[in-house]
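One structure is given below, encoded as structure tokens.
The values are calculated or read from the model by the stated rules, or taken from the named source; none is laboratory data. Everything numeric in this text was worked out from a predicted model, so none of it was measured. Counting neighbours? That spans all protein chains shown, and the Cβs are built from the backbone with ideal geometry, glycine included.
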Amino acid sequence: MTTTANAAICRGHDHPFTIEPVELAELAPDEILVRIVACGICHTDLAVRDAQLPVPLPVVLGHEGAGIVEAVGSGVTSAKPGDRVVMSFNSCGHCPSCDVDAPTYCYNFFPHNWSGSRADGTPTMHHNGAPMAANFFGQSAFATKAIAHERNTIVLPERFNSIPLDMIAPIGCGLMTGAGAVLNAMQVREGLPIAVFGAGTVGMAAIMAAKIAGSSPIIAVDVNDDRLALAKELGATHAFNAKDDAIGQIKALVPQGLGYAFDTTGINKVIEDAWGLLAPKGICGIVGASDPADNLTFNEAAFMGGGRTVMGILGGNSDGAPFLIELLDHHVAGNFPFDRLIRHFDFHEINEAIEASEAGHVVKPVLRMAAE
Ligand SMILES: NC(=O)c1ccc[n+]([C@@H]2O[C@H](COP(=O)([O-])OP(=O)(O)OC[C@H]3O[C@@H](n4cnc5c(N)ncnc54)[C@H](O)[C@@H]3O)[C@@H](O)[C@H]2O)c1
Ligand SMILES: [Zn+2]
Ligand SMILES: [Zn+2]
């Protein structure tokens, strides 16, 4: 039996999202039907809207969903109806990366997250009787109901019952990416300096995680003074506006160079400048969506001579449930106060929420589809 839902359809940059009725397919054995309570909006949703990523349009986006399980496919053992869940990216479970618990680098990432259909090519959604691209990051959670998979659905332990799902929703992408880049990928060492370029969701999560790791100093760089002020409240010891010679100010503050430079802007020049600030053995971590035609240039002698690293990082090297639960434990302990980044909007205000995010007024907009 098919299930009906309302979903926000994205038709590209020049069109507002419109909420329209859709039909969800019957569940495959590994799939989970989730009644969506809330979903964060991430810059990556907008990169798809703007055709910067190879996802077919029109499409139902949304990849920071949280909700309640309504039904499970015949093979699902880890979730049951009524469970509180949060969703993240999807992966195949049987490739050289998945085999070593590195699912963000799944060899089959594209078909499982970005193809618009299931990995086997079958649609999970229909609109007016025709297939609609969905299964975005294995969820498409800008909707009142979504089909997710056992591999990307995390059942929340009861100790998190006091955290509302409309707070937990964004943990599965931007927050995990910034925190995981610091804690898992770059493995930031206590006492070493870090500079974070771009203080959006990803950068703020990195700053909070750098504080957990004991990095010092923690330098935030952005063009938005309000975000820089918030970054200081969340753990940055210094905050520089990129328009005020931030590079020169960092050089003066840490003349020996940075242990870590973390770029979330995806801007070529920012990354190259950040790389130029690294101390020997320094790591430049890169996560921002960039123009597919962009190439980076680094000095070869400095690259080799100082043992420096340029590290592309996807999804904060998260291994799924264990890392998300670790982050929620940090939150409960008061060390990862990501609630400070969130502003809620009703589902039907999706276009206003995107506008507020793009204008820099809101760091992490979260849409509310329904009450828990
Ligand atoms: N690799 C991954 O796994 C992954 C996961 C999530 C998001 N992303 C990408 O990471 C990037 C950041 O995501 P976000 O949600 O934090 O976005 P965001 O737009 O909220 O944050 C980017 C920040 O960069 C700032 N900025 C712009 N120009 C700047 C400059 N010249 N110098 C310094 N700061 C500047 C902006 O003011 C903004 O605060 C996006 O490109 C997103 O697509 C990647
Ligand atoms: Zn895989
Ligand atoms: Zn995202």
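Quick look at the values:
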quantity	calculated
Looking only at segment 192-207, and only at residues there that are touching a Gly at 6+ places or on another chain (Cβ under 9 Å) and within 15 Å of Ile283 (Cβ to Cβ), the one that is surrounded by the fewest Cβ atoms within 10 Å (Cβ to Cβ)	Leu192
Residues of segment 172-189 that turn out to be in a loop (DSSP other than H, G, I, E, B) and within 10 Å of ligand 1 (Cβ to nearest atom), as a count	1
Some residue of segment 272-280 being among the charged types (D, E, K, R) and in a loop (DSSP other than H, G, I, E, B)	no
Verdict on Phe110 being in contact (Cβ under 8 Å) with a residue 24 or more places away in the chain, aromatic (Phe, Trp, Tyr) and either crowded, with 18+ Cβ neighbours inside 10 Å or assigned to a strand (DSSP E or B) (or both)	no
Residues satisfying the stated conditions in segment 190-202, i.e. under 15 Å from the mean Cα position of the chain (by Cα) and either within 16 Å of ligand 3 (Cβ to nearest atom) or in a strand (DSSP E or B) (or both)	Gly198, Gly200, Thr201, Val202
Unique match (being touching a residue at least 12 places away in the same chain (Cβ under 8 Å), within 16 Å of ligand 3 (Cβ to nearest atom) and of a type outside the set (Val, Ile, Thr)) among Pro81, Pro103	Pro103
Criterion (more than 26 Å from Ala28 (Cβ to Cβ), acidic (Asp, Glu) and away from ligand 1 (no atom under 16 Å from the Cβ)) met by exactly one of Asp120, Asp166	Asp166
Test: residue in segment 278-285 that is β-branched (Val, Ile, Thr) and within 18 Å of Val196 (Cβ to Cβ)	yes
Selection status of Val202, β-branched (Val, Ile, Thr), within 25 Å of Ala169 (Cα to Cα) and in contact (Cβ under 8 Å) with a residue 24 or more places away in the chain	yes
Index of the failed condition, Cys42 passing every other in (1) touching a Phe, Trp or Tyr at 6+ places or on another chain (Cβ under 8 Å); (2) within 16 Å of ligand 3 (Cβ to nearest atom)	(1)
Selection status of Ser357, among the small types (Gly, Ala, Ser), surrounded by 15 or more Cβ atoms within 10 Å (Cβ to Cβ) and under 18 Å from Ala47 (Cα atoms)	yes
Test: Asn317 is crowded, with 20+ Cβ neighbours inside 10 Å, more than 23 Å from Leu46 (Cβ to Cβ) and modelled with pLDDT of 95 or more	yes
Ala141 vs. criteria without any contact (Cβ under 8 Å) to a residue 60 or more places away in the chain, within 15 Å of ligand 3 (Cβ to nearest atom) and among the aliphatic types (A, V, I, L, M)	no
